[in-house]
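Please read the structure below before turning to the comments.
The values are calculated or read from the model by the stated rules, or taken from the named source; none is laboratory data. For clarity, every value in this text was computed on a predicted model and none was experimentally measured. Neighbour counts run over all protein chains shown; Cβ positions are idealised from the backbone, glycine included. The area values use the complete protein model at the heavy-atom level, side chains included, leaving out ligands, DNA and RNA. Shrake-Rupley method; radii C 1.70, N 1.55, O 1.52, S 1.80 Å.
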Number of protein chains: 2
Amino acid sequence: MVQSIGTRLDASFAALSDPTRRGVLEQLGRADASITVLAEKFRMTLTGMKKHVGVLEQAGLVTTEKVGRVRTCRLGLRRLEDEVTWIERYRQLWDARFDELDGVVEELKRKERVDGRKKK
Amino acid sequence: MVQSIGTRLDASFAALSDPTRRGVLEQLGRADASITVLAEKFRMTLTGMKKHVGVLEQAGLVTTEKVGRVRTCRLGLRRLEDEVTWIERYRQLWDARFDELDGVVEELKRKERVDGRKKK
């Protein structure tokens, strides 16, 4: 299934908005793990962990493989490139915006000084 | 209200998981705007836009100020520092993990070549 960047960002940011799911990603960044092991580590029911892994899988951040009765989870191929690109672009806007506001404040201060001098 | 980094990440990643909310942030990165203007730009009801702005405000990404009947929205002071820090750390884990897997694959290929030669 090919997803648009927007849809991918929706899914990945939603996936990252939960502490357990961020924890699972960090854990899988160290070693692959079965759903059972993850459920134990995060003190959660199997059903609960399956749901979290499902959300991560949907976002392309985790892949799973079932061999016999064990489903092993590992990191997916997505390295959060689009997410970083979006945030970086936003930060550029943010910086420009706050520089602009700084400029307005400076201009107001300058005018105040000039007005102050005129009143004297 | 002081929030822990984890709670902040939950709120901000959830805020970023919606295309309208990302659009509002980009828009406010260009200029402040009233809820009414934002609702028009994103072809949405006032109530719908108020909800989105509320989520962004809760996450500290937007601040609003009501003067008379107009509520003006502007970017909040949060520059997504913690979010970038989390993602960067994750990418380091990701890189290390895939380097490790590359190593395993290389090792398997090497063994295959050695075994292949032995069989000849």
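Average partner chain C-beta neighbours within 10 Å, per residue of B:90-98? Walk me through the intermediate numbers first.
Numbers: counts 10, 5, 1, 7, 10, 2, 2, 7, 4.
Across the residues of B:90-98, the mean count of other-chain Cβ atoms within 10 Å is 5.
Mind listing the Cα extents of the protein assembly as shown along all three principal axes, in Å, largest one first?
In descending order, the Cα extents are 99, 37, 35 Å.
Ignoring ligands, DNA and RNA, what percent of the 1.4 Å accessible area of segment A:2-76 is carbon and sulfur?
52 percent
Using the Cα atoms of segment A:2-76 to build a convex hull, what is its mean projected area in square nanometres?
Mean orientational projected area (segment A:2-76, Cα hull): 4.9 nm².
Among residues other than A:Leu108 whose Cβ falls under 14 Å from its Cβ, what is the net charge (Lys/Arg +1, Asp/Glu -1)? Each step should come with its number before you reach the end.
Values: positive: A:Lys109, A:Arg110, A:Lys111, A:Arg113; negative: A:Glu100, A:Asp102, A:Glu106, A:Glu107, A:Glu112, A:Asp115.
Neighbourhood net charge equals -2.
Using helices alone, I'd like the mean residue ellipticity at 222 nm for chain A: each DSSP H run of four-plus residues gives -39500 (n - 2.57), total over residue count, nearest 500.
Taking each H run of at least 4 residues, the total per residue is -22500 deg cm²/dmol.
What's the center-to-center distance, using Cα atoms, between segment B:49-82 and segment A:1-53 in Å?
About 29 Å separates the Cα centre of segment B:49-82 from the one of segment A:1-53.
Considering every residue in A:11-19, what mean count of other chain Cβ atoms within 10 Å of its Cβ is obtained?
Averaged over the peptide's residues, the number is 6.
Solvent-accessible area per residue for segment B:2-76 at a 1.4 Å probe radius, Å²?
Spelled out: the 1.4 Å probe surface of segment B:2-76, per residue, equals 51 Å².
Please check: in the Gaussian network model of chain A (C-alpha springs, under 10 Å), which one of A:Val84, A:Val104, A:Val62 has the largest mean-square fluctuation.
Comparing A:Val84, A:Val104, A:Val62 in a Gaussian network model of chain A, the most mobile one is A:Val104.
Label A:Glu81 and B:Arg74 with points 7 Å out from Cα along Cα→Cβ: what is the distance between them in nm?
My value for the distance between the label points is 3.7 nm.
Return the loop-located GluC sites (Glu not before Pro) in segment A:53-91 (DSSP other than H, G, I, E, B) with at most 16 other Cβ atoms within 10 Å of their own Cβ; answer none if there are none.
Passing both the DSSP loop test and the Cβ count: no residue.
Take chain B, connect every pair of alpha-carbon atoms lying under 10 Å apart with a spring to form a Gaussian network, then pick out the residue of B:Lys109, B:Lys50, B:Lys41 with the largest mean-square fluctuation.
Of B:Lys109, B:Lys50, B:Lys41, the Gaussian network model singles out B:Lys109 as fluctuating most.
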